[in-house]
Amino acid sequence: MRALLKNQTGICVDTIPAPAVTRDDDVIIDIALAGLCRTDVFVAEGRIPAKTPQLVLGHEFAGTVSAMGDAAAARIKNGARVTVMPILPCGICALCRAGRAISCQHTSMLGIEHDGAFGEKIRVPQSAVYTIPDTLSFRHAAYSEPVAAALSVLKSGIRPEEKGVIYGNNRFGQLIDRILRAYGFHDITIVDAADADGVEDGLYDFAVETLATSGMLRSLMRMVRVQGRIVLKSRKHEPIELVLAEAVRREITLSAVNYGDFRESIDLMASGKIIVDDLLGEEHALEDFADVFERSKTHETRKTFFDPRK
């Protein structure tokens, strides 16, 4: 199959053996569309350590089941339209054994530790596979992972009657705003980083960040009221500065959140409770990766997709 690879010589599109069923719970999916995330770019650039010597990039995708092991066949039908939660729990830690796999601290990820979705096919465990209704397009289904990530803000303790601000007028900020409004939040403002200095001190009960920088934390520490809450959502791998004395003096709660329920993210789009069409952008061939990766660093308005069938 054709795939977009990171190997010892760099990033390239090459032909490699297609994945096959090797375990009872394996599912082989023919990729219809795969979305590009900043994480994929960071892996390509070597800023996030990944599987060597060769890795298929990508982790946000949807497609059609084309083969599976015997155990997977008990739950999933051949030809099913599906998407996949790309964060894979270990299955053996205390949290996993207690039925709390969503909080597993020994996870691995498609497109980082395992071959990902920027190819014609992918092999995944059946536990990560979610069927999608016929009414949901592959474009929308491939966006399920960002929706599930945005859903996690609801786990932070914020309440619909509170006044909130989302820091970062970007695609993810827009998505969080729509999810909050779908769950009854009405007094929400999106503030771009360039306009943060003009926001009144203590104006908000809570703030959600989508751009993790030291300057962002200083701004949000000032924007929220005394005993307010800052919700941390970005997956920045480098350290950022926090003035602890300021957080203690103002008794600010910092709530870091990871993922919401993946099935819920699918249902939100399928039911029309959130509309994301304007957040979904162009579809490209794998061979366009250089231009697509470069544009992604400055264009955050719409999600870009790879179509490995092109």
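Every number in this text was worked out from the coordinates using simple rules, so none of it is lab data. Given the structure is predicted, the values throughout are model-derived calculations rather than measurements. For neighbour counting, all protein chains shown are included, and Cβ atoms are generated from backbone atoms with ideal geometry for every residue, glycine included.
Pop the C-beta distance of Thr135 and His299 into the FRET formula with R0 = 41 Å and round what comes out to the nearest 0.05.
0.90
Using a Förster distance of 45 Å, how high is the FRET efficiency between Ala193 and Ala98, based on the Cβ-Cβ distance and rounded to 0.05? Walk me through the numbers on the way to the answer.
On the way: r = 40 Å, r/R0 = 0.89.
With a Förster radius of 45 Å, E is 0.65.
At 0.36 nm per residue, and after removing the present C-alpha to C-alpha distance, how many nm does the segment from Asn258 to Glu282 gain when stretched out fully? Numbers along the way, then the final one.
On the way: separation 24, 0.36 × 24 = 8.64 nm, distance 2.73 nm.
Stretched fully, the Asn258-Glu282 segment lengthens by 5.9 nm.
As a check on your grasp of the helix formula, calculate [θ] at 222 nm for the chain: sum -39500 (n - 2.57) over DSSP H runs of n ≥ 4, divide by the residue count, round to the nearest 500. Write out the running numbers ahead of the final one.
Details: 10 runs with 73 residues, N = 310.
After summing the helix terms and dividing by the residues of the chain, the value is -6000 deg cm²/dmol.
Collect residues whose amide H, placed 1.01 Å from N in the peptide plane, falls under 5 Å from the amide H of Ala207; neighbours closer than 5 in sequence don't count.
Under 5 Å from the amide H of Ala207: Val165, Arg229, Ile230, Val231.
What base-10 log of the normalised intensity I(q)/I(0) is obtained for the stretch 249-291 from the Debye formula, alpha carbons as equal point scatterers, at q = 0.15, 0.26, 0.27 Å⁻¹?
Here the Debye-derived log intensity ratios amount to -0.73, -0.93, -0.95.
When the Cα centres of the stretch 1-22 and the stretch 185-215 are compared, how far apart do they sit, in Å?
Taking the Cα centre of the stretch 185-215 as reference, the centre of the stretch 1-22 is 42 Å away.
In the chain, what percentage of the DSSP-assigned beta bridges are antiparallel, given to the nearest 5?
Percent antiparallel among DSSP bridges in the chain is about 60.
Kindly write out, for the stretch 57-74 in residue order, the coupling ³J(HN,Hα) from the Karplus curve 6.51 cos²θ - 1.76 cosθ + 1.60 (θ = phi - 60°), rounded to whole Hz, with x marking Gly and Pro.
6, x, 8, 10, 7, 8, x, 10, 5, 10, 6, 6, x, 4, 5, 5, 5, 6
How high is the FRET efficiency between His237 and Thr64 when r is their beta carbon distance and R₀ equals 25 Å, given to the nearest 0.05? Don't jump to the answer; show the numbers that get you there.
Details: r = 33 Å, r/R0 = 1.34.
Plugging the Cβ-Cβ distance into 1/(1 + (r/R0)^6) gives 0.15.
Report D for the stretch 150-256 in µm² per second (integer): Stokes-Einstein, Kirkwood Rh on Cα pairs, 37 °C, 0.692 mPa s.
Working: Rh = 13.6 Å.
Using the Kirkwood radius from Cα pairs, D works out to 242 µm²/s.
If I stretch the segment between Thr213 and Met1 completely, what's the gain in nm (0.36 nm per residue apart, minus their alpha carbon distance), one decimal?
Numbers: separation 212, 0.36 × 212 = 76.32 nm, distance 3.99 nm.
Full extension from Thr213 to Met1 adds 72.3 nm.
If you take Cα extents along the principal axes in Å from the coordinates, which of (i) 57, 40, 37; (ii) 76, 54, 30; (iii) 64, 40, 38 do you get?
Recomputing Cα extents along the principal axes in Å here gives the entry labelled (i).
Provide the per-residue ³J(HN,Hα) series for the stretch 199-206, in order, calculated from phi with Karplus coefficients 6.51, -1.76, 1.60 and θ = phi - 60°, each as a whole number of Hz, with x at glycine and proline positions.
3J(HN,Hα) across the stretch 199-206, in whole Hz: 7, 4, 5, x, 7, 10, 6, 8.
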